[in-house]
Every structure is written in structure tokens, then in C-alpha cells.
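To keep things clear, I will list the structure first and then write my remarks on it.
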Amino acid sequence: MTSPIEIEGAEASTEVDEQTPQKGSDTPEKLEGRSPGQLMWRRFKRDRTGVVSAYVVLFFFLIAALAPLISKLYGKNPYTLYGQDDPTLLNDFNMPAGPNGGITSEYWFGIEPTLGRDVFMQLLYGMRTSLYTALAATVAMVFMGVLIGLVGGYFGGKVDYWLGRLTDFLLAFPQQLFMIASMPVITAVFVAPDEETPTYIHALAIIGVLWFLGWMGLARLIRAVALSLREREFVEAARVAGASPWRIIRKELLPNLVTPILVQGTYMLPSTILSVAFLSFVGVGYTEPTPDWGRMFAIGSDIYEQDPVYMFFPGVAMVIFVVAFNLLGDSVRDAFDPKTGR
């Protein structure tokens, strides 16, 4: 019979496994050390909600990454106007002729009104566009927030003062109005008015705007933690040893900030996905013919009375993903907290 005893501390943790000796044999006690990361992983695996949420999130990212392969196996793509090629798919009002939005064994989620594109492929490629755009924007926001927060929290003084004022100034911006107003201006800088804007310009503009307005909350959190850490003994010891400020930030402060960075990042990503969808919904994000979650909601809001099924699939998919990611963030936070009861 094995009885593990875990001793968790701020600096290190150990686990003692005692094996009951059997007849005729002497089994010595084994002392096994466990890192904080290993203990976090053990707590996370015991949280069924977190594990299920992680599987759901991974499933969404996986099918988004495999969208081109699924398209080949499915035999359709998100760009072909199947309703225009086959007049029997749409009625006289350009609505799906079949019941439930035109759902058949050939068109699993039905077809899009007016243009007749395949809804299943639109959803997969729309998820691919939204998820990876939001992921890139979140990585940029986390990097900026950690950098500003660490620099201001460690150096203090005038550096902290001016970085704090910059953060306060950007927090005062009305984010949604600024995003709507700035997107056309940014794209117009790189593309002539008589030319069609490439998709990558839309993507870079969305990532840039979200990055510009999304790092301040994380920066404040990191600054607060860095202010407390810079007075700790191990930081003072590094200063006495002659370590440069940037080495102290990189080697002493940053490893102790992994927990708040990871937890806050898991909360930022679903919020960023909603922002990407919002920009496309109001017409300043991705445009035709790029598939996107927000564009699907924009189309569905115009025809929900005639074809309510069209809005069902993207709506359910987004709700499941956002809820799963928020639950995952809660589980990650609890797993890093040694006082949690999970």
C-alpha cells in the first residue's frame, strides 16, 4: 500500500512514498522530489472540468488547423457558390429550398442564403480565421503587457510614473469606437482606394488594433507583482552579486511571473476572439470572401427570420468554445494555487 505525502512550499516541494515491506524483503523508503510544475499538473489532472475543457479547446484548434484536409475529404470548400451552380438548392427568394436551412447528407449544415455556399465549410474556415487571428493578437498583447509591467515595476521612479501614465491614457480610450474608426484608416494607408484590400492586410490591421488596446490590464497586474518581488531577498542577492537589471528581470523576476501570465492569457484569448468577431460583424474586420465567425453572425442577423438554422451552428460553436476556455482558465488558476481544494 502506497501513501504519498506532499509537502508544498514557496521554493520547493517534495513527496515521500512509503512502501510497506513484504515478507522476506526489506524495501527502503524512497524520497522523490517534485517541482511546482509537476504538482500543478497533478492538481490539474484531478480537475475533471478543466480536463474536459482542455479537450474541447484542443478539439477546436485541431479542426481549425485541419480545415483544408477536412475540405478535401468532404469534397467542398467555403468559396464555391453551390446555390448558383445548382438552382434547385435555392428557392425564388434565394433561401435554401430544403428544410432546416437545406441540411442534407451532402450539405451537413445546410447552405448559405443568397450565395449558396456550404455552411459547414464556412464555419470551419471561419473558426480557423478567428482563432488564429485572436491567438496572434493575444501573444502580442501578453508580450507587451509583460514587458511594460516588468520594466515599470522593477525600475520604479520616473520610468514607472511615465509608463503608468501611458497605460492610464490608453485605458481611457473607448476601445470599440476606436477600433471601428481606426480600421478603415489603417487599411487605407497600405492600399489604394481603387484596389481590393488583401486578406493579410486585414489580419495585420486587426492584430495591430487589438494589440494596441489590449495589453494595459496585464501590464498593471505584472507591475503590481513585480513591485513586491523586487524587494525579495533573492533579488537583493542578485544585485549584490553584480547582476545587471535586465538579467535580474529575465532570470529572477520573469520565472516567478509565469503563473499570472499564463492564467491571464487564458482569459484574454476568448475575449480577443469575441473582439475579432465583433470587428467583422460591424463590417470593419474581415470582408468577403474571407470566411469568419463575425461575418457569419452578420449574415445570420439579416436572415434569421427566414432561415434561423443558419445562425444556430456558428452561435453554438462560439458559446461552447468561449465557455470551455473560461472554465479552462479557472482550472489553470486553481491548479497553480497551492491552497485550492480541487
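The values are calculated or read from the model by the stated rules, or taken from the named source; none is laboratory data. As the structure is a computational prediction, the values presented were derived from the model and not from experiment. Positions of Cβ are generated from backbone atoms using ideal geometry, with glycine treated the same way; all protein chains shown enter the neighbour counts. Only protein heavy atoms, including side chains, enter the accessible area calculation; ligands, DNA and RNA are left aside. Shrake-Rupley method; radii C 1.70, N 1.55, O 1.52, S 1.80 Å.
Select from region 114-125 the residues that are closer than 29 Å to Pro270 by Cα, open to solvent by 10 Å² or more (accessible area, probe 1.4 Å) and not hydrophobic (A, V, I, L, M, F, W, C) and list them in ascending order.
Hit for region 114-125 is Tyr125, nothing else.
Among the candidates Ile222, Ile186, single out the residue that is farther than 12 Å from Leu279 by Cβ, open to solvent by less than 70 Å² (accessible area, probe 1.4 Å) and either part of a helix (DSSP H, G or I) or at pLDDT below 85 (or both). Walk me through how you get there before you give the answer.
Numbers: Ile186 fails: farther than 12 Å from Leu279 by Cβ.
After ruling out the rest, the residue left standing is Ile222.
State all residues of region 54-112 that are touching a helix residue (DSSP H, G or I) at 6+ places or on another chain (Cβ under 6 Å), open to solvent by 70 Å² or more (accessible area, probe 1.4 Å) and part of a helix (DSSP H, G or I); if no residue qualifies, say none.
The answer is Asn100, and nothing else.
Restricting to region 246-289, give me the number of residues that are part of a loop (DSSP other than H, G, I, E, B) and of a type outside the set (Asp, Glu). Break it down into steps so the answer makes sense when it comes.
First, the residues of region 246-289 that are part of a loop (DSSP other than H, G, I, E, B): 282-289.
Adding the requirement that they be of a type outside the set (Asp, Glu) leaves 282-287, 289.
So the count comes out to 7.
Kindly indicate whether Gly157 is on the phi > 0 side of the Ramachandran plot and exposed (fewer than 15 other Cβ atoms within 10 Å of the Cβ).
On the way: on the phi > 0 side of the Ramachandran plot: yes; exposed (fewer than 15 other Cβ atoms within 10 Å of the Cβ): yes.
Spelling it out, Gly157 is indeed on the phi > 0 side of the Ramachandran plot and exposed (fewer than 15 other Cβ atoms within 10 Å of the Cβ).
May I ask you to list pairs of residues, at least six apart or on different chains, whose Cβ atoms are under 6 Å apart, with the first in region 291-306 being free of Cβ contacts under 8 Å to residues at least 60 places away in the same chain and the second being buried (at least 16 other Cβ atoms within 10 Å of the Cβ) and of a type in the set (A, V, I, L, M, F, W, C)?
Phe297/Phe281; Ala298/Phe281; Gly300/Met311; Tyr304/Met311
Looking at Ala298, Ala237, which one is surrounded by fewer than 19 Cβ atoms within 10 Å (Cβ to Cβ), farther than 28 Å from Ile207 by Cβ and not acidic (Asp, Glu)?
Details: Ala298 fails: farther than 28 Å from Ile207 by Cβ.
None of the other options fit; the residue is Ala237.
So is Arg128 charged (D, E, K, R), closer than 22 Å to Ser275 by Cβ and buried (at least 19 other Cβ atoms within 10 Å of the Cβ) or not? Give the derivation first.
On the way: charged (D, E, K, R): yes; closer than 22 Å to Ser275 by Cβ: yes; buried (at least 19 other Cβ atoms within 10 Å of the Cβ): yes.
Yes: the conditions hold for Arg128.
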